[in-house]
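For reference, the structure is listed below as structure tokens.
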Amino acid sequence: MRSFRPHHFLCAFCFQGAGYSKKFIRNFNAIMASLNSPDGDHEPITIAANTDDICGPCPHKRDLACESEAKVRHLDAAHGELFGLTADTTITWSNYKQVMSDKLTIEKFNKICQGCEWKASGICESVLRSSGIK
């Protein structure tokens, strides 16, 4: 079973092939290939309290934490609160996308992703707008 930190659900939805290293990008591409496959919507994902499947090859991973753990925990808390994601529970990729569609606005995105270095790139907002989030 796959595991994601709460903020990584939105990262996965917006992922466009960029990342921290070639190994990180290769891993994230493989995860997204699975989630975007015909059966991917039904794939269960456990909400992780610490590092997860996306973190695995990240050069910033330090055992079960990120070298920017305080920032990451802030992002996790904001995403968890908005989307109802609690550690050690499971949700399918399809269920997450529905919850995201129901609850996310660009204004909320700007709030919950405040402090994320990827937000500044504009990639996520572009993906969200193109998928109908206003």
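A short reminder: the numbers here are calculations on the coordinates, not readings from a lab. Here the structure is a predicted model, which is why all the values come from computation and not from measurement. With ideal geometry, Cβ positions are generated from the backbone for all residues, glycine too; neighbour counts draw on all protein chains shown.
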Cα-based Rg of the stretch 1-55 normalised by 2.2 N^0.38 Å, two decimals: 1.06
Ratio of the Cα radius of gyration of the stretch 93-134 to 2.2 N^0.38 Å, where N counts its residues: 1.13
Using distinct alpha-carbon pairs, which all enter the 1/r mean, Kirkwood radius of the stretch 27-101 in Å: 13.4 Å
Under the Karplus curve 6.51 cos²θ - 1.76 cosθ + 1.60, θ = phi - 60°, whole-Hz ³J(HN,Hα) for the stretch 50-58, x wherever Gly or Pro sits: 10, 4, 9, 5, 6, 5, x, x, 5
Fraction of the pair-distance distribution of the chain above 21 Å, Cα-Cα pairs, percent: 36 percent
Extreme residue, positive dipole direction of the stretch 55-114, given options 68, 80, 98 (C-beta unit charges): 98
The chain, dipole about Cα centre (Lys/Arg Cβ +1, Asp/Glu Cβ -1), debye to the nearest 20: 380 debye
Distance in nm between pseudo-label sites at residue 108 and residue 39 (7 Å out along the Cβ direction from Cα): 3.1 nm
Nonlocal amide H pairs with residue 2, under 5 Å, H built at 1.01 Å: 46
Positive-end residue of 121, 48, 11, charge dipole of the chain with Cβ unit charges: 121
Subset of 71/111; 108/134; 71/119; 22/97; 71/103 violating a 19 Å alpha-carbon distance limit: 22/97; 71/103
Calculated FRET value between residue 1 and residue 70, using beta carbons and R₀ = 22 Å, to 0.05: 0.20
Whole-number D in µm² s⁻¹ for the stretch 52-93, Kirkwood Cα-pair radius fed into Stokes-Einstein, 20 °C, 1.002 mPa s: 186 µm²/s
